[in-house]
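Report on the structure given below.
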Amino acid sequence: MSTNYKAKLHSIKAFVFDFDGVMTDGSVWTYGDGETVRCGNTKDGYAIQYAVKKGYTIALITGATSKSIDNRMEALGVKAIYTGCANKMETYERFLTTYKLQPDEVVCMGDDIPDYEIMRHCGVAACPADAAQEIKEIADYISLYPGGQGCVRDIIEQTLRLHGAWFHADAVVW
């Protein structure tokens, strides 16, 4: 793990997240009709929508497909939603081009082998506390929180605080 990851956060303009195992604890409930349901964290959701409102680009790049995933991301204001990705690196490169971003301007948070390649090609590679060992070995930052339990908020909040863009109690008008 890089001890210098906070220095890299200064140039971050965008976040890329996996879904299962990052925004969730990795559990998937499958119903008889084939629909799958996952459980996310409201604090992660709050941080995502807050970052969007502050002008950061958020992307979801996941192999999973579910209308519930699309609905959740859309409700949070995420525009770059890529589900059913067989080749995450190809999707990541398309995301960079579409949003005119350089790799060093992006935090990528993944938890398992399918995320490995994009995490090797970003500014800050981050992962949840319970990520696969191979992912932890390449991560610049390992969150103290496991997937679905606040790791997304953790990296977003750290970045926005460093940029002076996180909540300030003295700025609240009652």
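Quick note: the coordinates plus some simple rules give every number you see, no bench work behind them. Predicted, not measured: the structure shown is a model, and the values here were computed from it. All Cβ positions, even for glycine, are placed from backbone atoms using ideal geometry, and neighbour counts span all protein chains on display.
Would you be able to say whether some residue in the stretch 117-129 is acidic (Asp, Glu), more than 13 Å from Phe17 (Cβ to Cβ) and out of contact with any Pro (no Cβ under 7 Å at 6 or more places or on another chain)? Yes, the stretch 117-129 contains at least one residue that is acidic (Asp, Glu), more than 13 Å from Phe17 (Cβ to Cβ) and out of contact with any Pro (no Cβ under 7 Å at 6 or more places or on another chain).
Take Leu9 and tell me if it is touching a residue at least 60 places away in the same chain (Cβ under 8 Å), touching a helix residue (DSSP H, G or I) at 6+ places or on another chain (Cβ under 9 Å) and not basic (Lys, Arg). Criteria met by Leu9. Can you tell me how many residues within the stretch 10-48 are over 13 Å from Ser68 (Cα atoms), out of contact with any strand residue (DSSP E or B) (no Cβ under 7 Å at 6 or more places or on another chain) and charged (D, E, K, R)? Summing the residues that are over 13 Å from Ser68 (Cα atoms), out of contact with any strand residue (DSSP E or B) (no Cβ under 7 Å at 6 or more places or on another chain) and charged (D, E, K, R) in the stretch 10-48 gives 4. Taken together, the residues in the stretch 1-54 that are buried (at least 16 other Cβ atoms within 10 Å of the Cβ), small (Gly, Ala, Ser) and part of a helix (DSSP H, G or I) amount to 3.
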